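Participant: This is the structure, below, for whatever I ask next.
The values are calculated or read from the model by the stated rules, or taken from the named source; none is laboratory data. Bear in mind that the values here come from a model prediction, so they are computed numbers and not experimental data. Here the Cβ positions follow ideal geometry from the backbone for every residue, glycine too, while neighbour counts run over all protein chains shown. To get the accessible areas, we keep the full protein, side chains included, count just its heavy atoms, and leave off ligands, DNA and RNA. Shrake-Rupley method; radii C 1.70, N 1.55, O 1.52, S 1.80 Å.
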Amino acid sequence: RKWSGPACDIADCSGVQDCSAQGTCIGPDTCLCTAQYDGDNCSLLAGSNANSPVFSDSRIRVALASNSPVGSTVSTTAATDQDTGKNGHLTYTIFSVNNDRSYFKVNGTTGTVTMAQSVSEKEGSLLVFNVTATDSGVPRLSSSLEIQVAVLPPNQYCPTFTNLPNEVTVSELALPGTSVVTVRATDDDGNSTSNGVVTYSLSASAIFSIDSQSGEVTTVLSLTAETYILIVIASDNGSPQCSTKATLHVRVHSSNTVPVCDPSNVATSLRYDVAVSTVVLELRAEDPDNGSDGQLTYTYSNFRSAFLHNVSPFRLVQRNRVAYVEV
């Protein structure tokens, strides 16, 4: 039994020792202690109220579409208080020097500000009000946050990509910071309001990054020869915000490694009457690349001899990946 009395308005605080006769029962097992006492059951002596509530900013500005429904969240900014007990227990109120506060309401416990009535008639206006956080210490200390609400036209359009290719290629030798591609998106809301201003982001990518303003995609880490699938996001700055996602394939091709000859430099001799088709030299090269990058062919050049007309008496024969020099 939590409530009693003819009007069911008398709370039961038996679970907290009836507030130890040093406070008022304001709800089921909830006490409002007198100035000298603290704790759930008001059995502790209250400490000094040394700290005031603190907001992380003194002023914030938010955007709100003029067609936002009543009840929409405007701000969730809350204050903190380093004190404990009731000295650190905060309540919130709202006020303004004009009628701007009438469009909003604040949750007295959490500090969350929501719309209390439609702001459609205020499109193009800047509504300004303050939220005050007050602790329950003695003396009660407080601080305020100024909230500026820019009431914007409805966000009618989402960004549209204009030149996003399905696939781009880049070498696996690309250094961090190498440009891969620059994407573009437009928004038919236009740049005259934040509804049409587009920014860019990537979804969960540690290998690549994107400039939020220009849309340039660059490498962040070293690459391996594979295809990376990126989710590119173009978002406007409207309220509510609208975003468009697109898929970009980045194919990383392997580098073409220089073949290595074994040996790289060789000399030999032979008899003048050696038989035709006798193998004079055997040359072998290795290339770790795959596919066409690893297919080898052999040639020779810069032949110098004392033979007639400088004509080479040798020929180059290739079998599989090995080259043979024959007479």
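Participant: Can you give me the orientation-averaged projected area of the convex hull built on the Cα atoms of segment 14-85, in nm²?
Facilitator: 7.4 nm²
Participant: Out of the GluC sites (Glu not before Pro) in segment 148-252, which ones are loop residues according to DSSP with at most 14 other C-beta atoms within 10 Å?
Facilitator: When the GluC sites (Glu not before Pro) of segment 148-252 are filtered for loop state and at most 14 Cβ neighbours within 10 Å, GLU172, GLU226 remain.
Participant: A further question follows. Calculate, axis by axis, the spread of Cα positions in segment 102-223 along the three principal axes, and write the results as whole Å, longest axis first.
Facilitator: Computed over segment 102-223, the largest-to-smallest principal extents equal 67, 39, 17 Å.
Participant: Right, something else. Which translational diffusion coefficient, to the nearest whole µm²/s, is obtained for segment 164-268 from the Stokes-Einstein equation, given a Kirkwood hydrodynamic radius over C-alpha pairs, 4 °C and 1.567 mPa s?
Facilitator: Stokes-Einstein gives a translational diffusion coefficient of 82 µm²/s.
Participant: Sort largest first and round to whole Å: the equivalent ellipsoid semi-axes of segment 1-140, each the square root of five times a Cα gyration tensor eigenvalue.
Facilitator: Calculated on Cα positions only, the semi-axes equal 36, 20, 10 Å.
Participant: While we're here: Separation of segment 42-91 and segment 139-192 by C-alpha centroid, Å?
Facilitator: Spelled out, the Cα-based centre of one part sits 30 Å from the other.
Participant: Residues in segment 62-97, backbone N under 14 Å from the label point at SER118 (7 Å along the Cα-to-beta-carbon vector): list them, ranges by number please.
Facilitator: Residues 66-71 fall inside that zone.
Participant: So what does CYS25 come to for accessible area, using a 1.4 Å probe and Å² rounded to 10?
Facilitator: 50 Å²
Participant: Taking the Cα centre of segment 11-137 as the origin, how large is its charge dipole in debye, to the nearest 20, when only Lys and Arg (+1) and Asp and Glu (-1) carry charge on their Cβ atoms?
Facilitator: In total the dipole reaches around 520 debye.
Participant: What is segment 80-225's relative contact order, in percent, from Cα pairs under 8 angstrom and six or more apart in sequence?
Facilitator: Relative contact order comes out at 17 percent.
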